[in-house]
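Every number here is computed from the coordinates shown, using simple stated rules; none is lab data. Please read all numbers here as calculations on a predicted model, not as lab measurements. Every residue, glycine as well, gets a Cβ built from its backbone with ideal geometry; the counts of neighbours run over all protein chains shown.
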Amino acid sequence: MRHYENLVIVKPTLTQEEIENTIAAIEDVLMSNGAEITARDKMGIRKLAYPIQKNERGYFHVMYYTAKPSVIGEIERRFRINEAILRFVTIKYDSKREIAAWDKLVQKANTINKSTPVQVSSEEEVVVKETIVTTPEAVVEEVVVQETTIQE
């Protein structure tokens, strides 16, 4: 099994539900071909460097996974067929140094995904730990933020 990263750019003209369904379909393609998804990074809608199919923006989604080299051709073929995908790129991590960098990227993506806000009732005071990535080497600081809600 080799280590891979896929960056997929989805059309921004789709609704949020359609974007989520497209991402789920992409992940199903990976899983059905024997890939094991390790981390996901939902980067959101960003401006493109140049227009692609008259789109100035795109929804960026990165997936880190391990798979056999023989399935990459099929995965990329299925990406080309999907009309909701503007562009995609598959990056293979081969050497020990590259795999170590892949591990850091996976760790960074997992820490970013864990820093989601917590739902609370209107009368509670909550202390939330927020994770902030400060350098490319993924040095992480923890900041304590206090949130209070206003009672009506």
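Summing Lys and Arg as +1 and Asp and Glu as -1 over all other residues whose Cβ lies under 13 Å from the Cβ of Val89 gives a net charge of +1. Phi-derived couplings, Karplus 6.51 cos²θ - 1.76 cosθ + 1.60 at θ = phi - 60°, listed residue by residue for the stretch 39-49: 8, 10, 9, 8, 7, x, 7, 9, 6, 7, 5 Hz, with x used for Gly and Pro. Look at Glu17, Glu5 and count the other Cβ atoms within 10 Å of each Cβ; fewest to most, that gives Glu17, Glu5.
Below 14 angstrom from the Cβ of Arg40, what's the summed charge of the other residues (Lys, Arg +1; Asp, Glu -1)? Walk me through the intermediate numbers first.
Numbers: positive: Lys42, Lys108, Lys114; negative: Glu5, Glu20, Glu27, Asp28, Glu36, Asp41.
After counting each charged neighbour, the total is -3.
Between Glu20 and Glu98, how high is the FRET efficiency from 1/(1 + (r/R0)^6) when r is the Cβ-Cβ distance and R₀ = 22 Å? Nearest 0.05. Don't skip to the end; give the middle numbers.
Numbers: r = 31 Å, r/R0 = 1.39.
For Glu20 and Glu98, the calculated efficiency is 0.10.
Packing-based ranking of 27-39, 76-88 yields 27-39, 76-88, ordered from highest to lowest mean Cβ neighbour count within 10 Å.
Based on other C-beta atoms within 10 Å, arrange Tyr50, Tyr65, Tyr93 from fewest to most. Please report the intermediate quantities before stating the final value.
Values: Tyr50 5, Tyr65 22, Tyr93 19.
Ranked by crowding around the Cβ, least crowded first: Tyr50, Tyr93, Tyr65.
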